[in-house]
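Each remark here refers to the structure printed beneath this line.
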């Protein structure tokens with residue numbers, strides 16, 4: 001018994017000493033970010049057997065949220081010819097839609113693009129932004145015209161489906177230009 005107590009004290013002490021340099025584990029964050037980190041890592045999720053998920057223009061917009069073949073309609077990416085119709089994956093709004101669907105137990109963001117999703121959310125000040133909120137890019141004045149969304153995970157970072165040729169990944173929120181603000185599903 002004494003040996004186990006000693007071992008426990010050593011482990012606890014090691015965790016305390018190292019704790020300052022160890023990043024917060026995704027499992028300690030809220031449900032949205034936990035799911036987003038799992039998807040980034042390629043872990044199995046409903047609708048995906050596992051493995052890193054590629055970006056696909058228009059991917060994630062089937063009737064049921066989750067990775068799907070994309071579309072070449074409106075595609076202006078650098079990789080030619082457009083690979084979306086042969087790539088099962090997600091675009092940025094498809095990623096947000098799927099993560100929120102898994103976290104909230106239903107398709108709360110619904111089909112559509114970033115502008116459509118924005119209408120289902122409330123803008124919040126940066127001072128109250130927390131992991132699990134969404135970060136949008138584009139113009140909000142007049143009629144909103146956004147072009148990108150990421151899942152904010154704290155510390156100035158987001159889980160992101162960036163562009164053709166990439167996979168779902170972790171990026172600084174400054175990776176995309178035209179930051180428009182933080183939004184929350186209430």
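May I ask you to list the residues in the range 131-172 that are on the phi < 0 side of the Ramachandran plot, out of contact with any helix residue (DSSP H, G or I) (no Cβ under 7 Å at 6 or more places or on another chain) and free of Cβ contacts under 8 Å to residues at least 24 places away in the same chain?
141, 143, 171, 172
Here is a list of conditions, (1) out of contact with any strand residue (DSSP E or B) (no Cβ under 7 Å at 6 or more places or on another chain); (2) surrounded by fewer than 21 Cβ atoms within 10 Å (Cβ to Cβ); (3) modelled with pLDDT of 95 or more, and residue 54 meets all of them except one; can you say which number that is?
(1)
Kindly evaluate residue 142 against the criterion of being farther than 25 Å from residue 38 by Cα and either under 14 Å from the mean Cα position of the chain (by Cα) or outside any loop (DSSP other than H, G, I, E, B) (or both).
Answer is no for this residue.
Tell me, yes or no, whether the range 64-77 has at least one residue that is under 17 Å from residue 170 (Cβ atoms) and in contact (Cβ under 8 Å) with a residue 40 or more places away in the chain.
There is no residue in the range 64-77 that is under 17 Å from residue 170 (Cβ atoms) and in contact (Cβ under 8 Å) with a residue 40 or more places away in the chain.
Got a number for residues in the range 43-62 being part of a loop (DSSP other than H, G, I, E, B) and either in contact with a helix residue (DSSP H, G or I) (Cβ under 8 Å, 6 or more places away or on another chain) or in contact (Cβ under 8 Å) with a residue 24 or more places away in the chain (or both)?
So the answer is 10.
Residue under question is residue 69, and the condition is that it be at pLDDT 95 or above, surrounded by 21 or more Cβ atoms within 10 Å (Cβ to Cβ) and on the phi < 0 side of the Ramachandran plot; does it hold?
Taking the combined requirement at face value, the residue does not satisfy it.
Is there a residue in the range 94-113 that is over 26 Å from residue 50 (Cα atoms) and assigned to a loop (DSSP other than H, G, I, E, B)?
no
The values are calculated or read from the model by the stated rules, or taken from the named source; none is laboratory data. As the structure is a prediction and not an experimental result, all values here were calculated from the model. Because the Cβ atoms are built from the backbone with ideal geometry, glycine has one as well, and the counts that use them run over all protein chains shown.
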